[in-house]
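Structure record follows, encoded as structure tokens.
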Amino acid sequence: MKAAVLVIVALGLLLAAVAAWLLHRRNALGWTPDYVRGRLRRRLPRHGLIDVMFCFVDHYEPRWRRADHETEVRRVQRWVEDYPRLCRGHVDADGCAPKHSFFYPEEEYRPEHIDRLASLCTAGYGEIEVHLHHDADTSEGLRAKLRRFTRVLHEQHGALARHPDGDRLAWGFIHGNWALDNARPDGRWCGVNDELRVLAAEGCYADFTLPSAPDPCQTRWVNRIYYAEDDPMRPRSHERGTPVRVGGRPTGDLMIVQGPLGWDWQDRRVGVLPRLENADIRSAQAPTPARVDRWIRTAVGIEGRPEWVFVKIHTHGTQEGDMDTLLGEPVDAMFRHLEERYNDGRRFRLHYVSAREMYNIIKAGEAGLRDNPGLYRDWQIPRPPLLAL
């Protein structure tokens, strides 16, 4: 009997050690506790209609790996040609085609690429937002980059709208290398501790960087939509914040819109260890129906409106090894599954939304609006000029 007990204890200790090793290796010790709390706290409503807002954001980098101009052009052209074909026949409950939010890097700006993407947007297939890679930067340097780039996107391409107050351009943001608010432990790929304040002051309505796991920039809070308050003297001010809730008010400096993150116990490594689910779409991480179901069950949303579910997935769309997945059968099958299972009009209603539209629907829910969230796509931030033609 004692020997059996010792064996059980030894196995338990071994499993605990393996789990700790896995969490450490995947930089997950910080966020797993909040993931577990969320799994216990958040559930899809058991009855009634559930609205699913589905948003696909893209760290869209034509110059990935310092490609030559010919390669850049070829990458952009494939999206212009293949994405409309991929979306043909796919519509949501509002009659909208799938929408791709192209977060374009400031440091890779070429007017011809933006013009080509704008043609997709005017056809109803997406919108253009702001992406930035920088290193050892300053608040003043960041501000200058953002002002220059957003002005070009608005004035030369009609890609950005103005805030309702009319004083600033309005845009969503994704941070290159995941290092929002100087989040990397080694201090690389940012340098600006007051980045949230700078972004908000220059017109950013929300950040869409997260999740970034297994990168060490991943925050402790996961699967949430919240306001982060900047501490200009310290990095990683978006580690936690104030949840967006029905009847609440904006607090802090910037809204953080996270995509689903967790552990996949159905697809285990060596039959034992769960795989990381970080809402990333690549050839090695195809968007299978099982993944789609997990994203929706994660139930990312605003407090007080559990029947509105926000699913934000991401990719790096110009990498050749992944484009057959992103522009081919795997994503086509993802759209089919969404439309067949989550758009029956009784239990689920599907809405393909851009990052801007997702933000507007979040704000409408915060203000207490109900009914069909598809009515609120332009509720606060208007359509950019290229979509208003």
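A short reminder: the numbers here are calculations on the coordinates, not readings from a lab. For clarity, every value in this text was computed on a predicted model and none was experimentally measured. With ideal geometry, Cβ positions are generated from the backbone for all residues, glycine too; neighbour counts draw on all protein chains shown.
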* Name the trypsin sites (Lys or Arg not before Pro) in the range 47-129 that are in a loop by DSSP and that have at most 14 other C-beta atoms within 10 Å, would you? -> Arg88
* **Per-residue HN-Hα couplings for the range 301-315 [Karplus 6.51, -1.76, 1.60; θ = phi - 60°; Hz; x = Gly/Pro]** => x, 9, 5, x, 9, x, 7, 9, 10, 10, 10, 10, 10, 9, 7
* To do: Show the residues, 5+ positions off or on another chain, whose built amide H is closer than 5 Å to the amide H of Glu129.
  => Phe102, Phe103, Tyr104
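How would the range 26-155 be classified by its alpha-carbon gyration tensor: rounded, prolate or oblate, with rounded meaning a/c under 1.5 and the a/b versus b/c comparison settling the rest?
On the way: a/c = 2.11, a/b = 1.25, b/c = 1.69.
The shape class here is oblate.
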* Which cross-chain or sequence-distant (5 or more) residues have an amide H under 5 Å from the amide H of Val244, H modelled 1.01 Å from N in plane? -> Ile225, Tyr226, Tyr227, Glu303
* Given a cut-off of under 8 Å on Cα pairs at least six residues apart, what relative contact order in percent is computed for the range 31-387? -> 26 percent
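Using Cβ contacts closer than 10 Å as the measure, can you line up Ser212, Ser139, Ser237 from fewest to most?
Numbers: Ser212 23, Ser139 16, Ser237 26.
Listed from fewest to most nearby Cβ atoms, that is Ser139, Ser212, Ser237.
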* Asked: By its C-alpha gyration tensor, with a ≥ b ≥ c as the square roots of the eigenvalues, how is the chain shaped: rounded for a/c under 1.5, else prolate for a/b larger than b/c, else oblate?
  -> rounded
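Could you work out how much longer the chain between Asn372 and Val36 gets when fully extended? Use 0.36 nm per residue separation minus the Cα distance between them, nm to one decimal.
Numbers: separation 336, 0.36 × 336 = 120.96 nm, distance 3.08 nm.
Extra length available between Asn372 and Val36 comes to 117.9 nm.
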* Asked: For helix 111-122, what angle does its Cα long axis make with the longest principal axis of the chain, in degrees from 0 to 90 and rounded to 10?
  -> 80 degrees
* Any idea which of Tyr342, Asn182, Pro164 is furthest toward the positive side of the dipole for the range 31-387, if Lys and Arg beta-carbons carry +1 and Asp and Glu beta-carbons -1? -> Tyr342
* Structure fact -> In deg cm²/dmol, rounded to the nearest 500, the helical mean residue ellipticity at 222 nm of the chain, built from -39500 (n - 2.57) for every DSSP H run of length 4 or more, is -11000 deg cm²/dmol
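Rounded, prolate or oblate: pick one for the range 326-389, where a ≥ b ≥ c are the square roots of the eigenvalues of its C-alpha gyration tensor, a/c under 1.5 means rounded, and failing that, prolate if a/b is larger than b/c, else oblate. Please report the intermediate quantities before stating the final value.
Details: a/c = 2.81, a/b = 1.34, b/c = 2.09.
Verdict is oblate for the range 326-389.
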* **Acute angle (nearest 10 degrees) that the helix 69-87 long axis makes with the longest principal axis of the chain, alpha-carbon atoms** => 80 degrees
* Can you run phi through the Karplus equation (6.51, -1.76, 1.60; θ = phi - 60°) for the range 337-348 and list ³J(HN,Hα) in whole Hz, with x for Gly and Pro? -> 5, 4, 6, 7, 9, 10, 8, 7, x, 10, 9, 9
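Using 0.36 nm times the number of residues separating His163 and Arg74, minus their current alpha carbon distance, what extension gain do you get?
On the way: separation 89, 0.36 × 89 = 32.04 nm, distance 3.43 nm.
Going from the current span to full extension adds 28.6 nm.
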* At a Förster radius of 35 Å, what calculated FRET efficiency corresponds to the Cβ-Cβ distance of Arg110 and His47, to the nearest 0.05? -> 0.10
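For the range 31-387, what is the charge dipole size about the Cα centre, in debye to the nearest 20, if Lys and Arg each add +1 at the Cβ and Asp and Glu each add -1 at the Cβ?
It comes to approximately 1220 debye.
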* Which percentage, to the nearest 5, of the DSSP beta bridges contained in the chain is antiparallel? -> 30 percent
* **Rounded to 10°, Cα long-axis angle of helix 355-366 versus longest principal axis of the chain** => 70 degrees
